[in-house]
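Please treat every number below as a calculation from the coordinates, not as lab data. Just so we're clear, the structure is a prediction, and the values are computed from it rather than from any experiment. Note that each Cβ is placed from the backbone with ideal geometry, even for glycine, and that neighbours are counted across all protein chains shown.
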Amino acid sequence: MMEMKVHAMIAAAMLGAAPAASPVRADPAIPVAVANFDFSDTSGEPVDQSETHERRLRQLSDFLRQQLATSGKLKLINLPCEKAQCTATDPGFEALASQAKQVGARFIVIGIVEKTSTLIGWVKYSVLNVEDQRAVCGELITYRGDTDESWRRAAKFSAGQIVSRCPLGG
């Protein structure tokens, strides 16, 4: 009998201490724009792969956007120049930051893919605050191989790093 009273008192205390039920509000997704990435090929390979690399570069930027959008933490904002060059080199990061701000983005992702050999490539990205154009994070990653799949894996890894490591909240 005493044991039942103790259990009842513990249950009552626990219920009394429980917060009132209220709908859970998710944090709003952070508006982010992603510029197209620049490309540099210093591999010195004799075969002209310009068309292949241009295609892969578009796919990398598009896949990066898609990966960031599906994270649920970011709201992708399209830049007015997205179908054109739209890179940190042309029209430049100041112009991109201005465009991103005008369309409601708080941050913009810029970057470059550098092919140093058939085997090794690099992706460098920076995430800039559009208010002051300062980098809030960035990284240099390496990937192996010059294939559609290796570029795709580099984009996926970069997206994961941006979502998990960049201080975009608050």
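Assorted remarks:
- Cut-off 16 Å (backbone N to label point 7 Å along Cα→Cβ of ALA29), residues of region 100-126: 104-109
- Tail weight of P(r) past 21 Å, computed on alpha-carbon pairs of region 65-170, percent: 36
- Counted by Cβ distance under 13 Å from ALA33, the other residues give a net charge of +3, where Lys and Arg count +1 and Asp and Glu count -1.
- Across the options CYS81, GLY111, VAL136, the greatest Cα extent toward the positive end of the charge dipole of region 27-165 (unit charges at beta carbon of Lys, Arg, Asp, Glu) belongs to VAL136.
- Phi-derived couplings, Karplus 6.51 cos²θ - 1.76 cosθ + 1.60 at θ = phi - 60°, listed residue by residue for region 87-102: 10, 5, 7, 9, x, x, 5, 5, 5, 5, 4, 5, 4, 4, 4, 4 Hz, with x used for Gly and Pro.
- Note, ³J(HN,Hα) from phi for region 146-153, Karplus 6.51, -1.76, 1.60, rounded to Hz, x at Gly and Pro: 10, 10, 4, 5, 5, 5, 5, 4
- Cα→Cβ-extended label distance, 7 Å offset, between THR70 and VAL47, nm: 3.0
- Local charge for VAL103 was computed over the other residues whose Cβ lies under 12 Å away, with Lys and Arg +1 and Asp and Glu -1, and equals +2.
- Label-to-label distance, THR142 versus SER98, with points set 7 angstrom from Cα along the beta-carbon direction: 3.9 nm.
- Between ALA84 and TRP122, the simple spin-label model (points 7 angstrom out along Cα→Cβ) gives 2.9 nm.
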